[in-house]
Structure formats: C-alpha cells, structure tokens
Amino acid sequence: PGDHVLADQRLGVVLGSADPDPAESLPDAVLIGHERTPDADPGFGLLQLVDIALRALSLGVNDPTTARHAIGHLTSLLLEVAAQGAQTARCTIDDQGIGRVRQPLPGLDELVPDTCLPLVRAGGRDPVVLIAILRLVGAVAAVAPSSQRAAVLDVGRYVERTATRELADPDDRAAVRRALVAARSTTPGS
C-alpha cells in the first residue's frame, strides 16, 4: 500500500499454482488505484497530518499549537496501528468471490520515524513540540511489539540530539531530557 507501481513492474511471484496460466487470472486479483487513500494506505493519512503539522511549524505560519494538536492526533492513530498488531500478507476472498492477497501494512518501526523525523527537523527549536513528539514516542514504545520498539525509541534519541544542538536555553534542554526519561520509563524492559 502506498507504493508507486510502474508499467511492467513485477508485483509478485506465484508458486505452486493449480491455475494453468496465472498470468491470465492474476491481473483481476490485483487492485491498483491512481491515488493513495487513507482507507487503503493508513500511512497516507498519517503523512497528511504530518503535512498539517509541518505547515504549522513553517516560518510563514508559525502556529506551534496546531502542530502540537496534530502530534496528539498522530499519537492516537499510531496507538490504533499498534493495537492492530503486526500484520503479514494474507489471502482473502472479496465480496465478489475473487481471491485477493492483502499486503501487510508498514509497522511502527517504519511509521513512527516517517511521522516524527520531519517534525523534529522542522520543530527542533521549539521545546514544547519536541516534548510532544517524545510523548508520542513513549506512548507508542510502551505498546509496540518488541521487534519494533528499538526503531521507535531511536526517534527519542534523535530528539535528544536535536535538542542538544538546537536549544540554547539549558532549562529547555533539561525539559526535553525529562520528557525523554519519561518516554523511556513507560517502555517494557527499560
């Protein structure tokens, strides 16, 4: 979901098919749209919220309240992704009785960095934005599968490095550090 498909691009391989010519029946089993949609590609909806937050953080707009509000919504959505658990490709039958392969959606180890790193780069001089991102990291890391938790926590380390580099005021850096400690403390095994 969300990947661009080019003409003549291989989308998969059929092994052990009982169908004498899978090349004739498979095109009907693959759905390709012209545009990404939040229903088919939840990562797209997350990126739309990231875009809103990035616009809010731009120098022309300078609206950190909207950015923090968008980060709150991103947190909720990522927690919903976490609640669905890890996915694998699976075969299903659609409403018309056609067999479909459902591709696994990206995991938290992809979605959290894709969501947060642009916001850290854009809002790295605003400690309140950085703290909001660390709250997101802590909430998601607390429920992330252990195999994906390290990638989520890496975002916290990136925030820490950004705060060290970008925040001149020691009290701001200390507030971000406290938020990082709080994010880590909610993580199992920390």
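The values are calculated or read from the model by the stated rules, or taken from the named source; none is laboratory data. Quick caveat, the model's predicted, so the values are computed rather than measured. Please note that ligands, DNA and RNA were not included when accessible areas were found on the heavy atoms of the full protein model with its side chains. Shrake-Rupley method; radii C 1.70, N 1.55, O 1.52, S 1.80 Å.
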Hey, if we sort Val159, Val13 by accessible area with the 1.4 Å probe, largest down, what's the order?
Val13, Val159
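Can you put Glu160, Glu35 in order of accessible area, largest first, using a 1.4 Å probe?
Order by accessible area, largest first: Glu35, Glu160.
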Report relative contact order for segment 54-173 in percent, whole number only (criteria: Cα-Cα under 8 Å, sequence separation at least 6).
27 percent
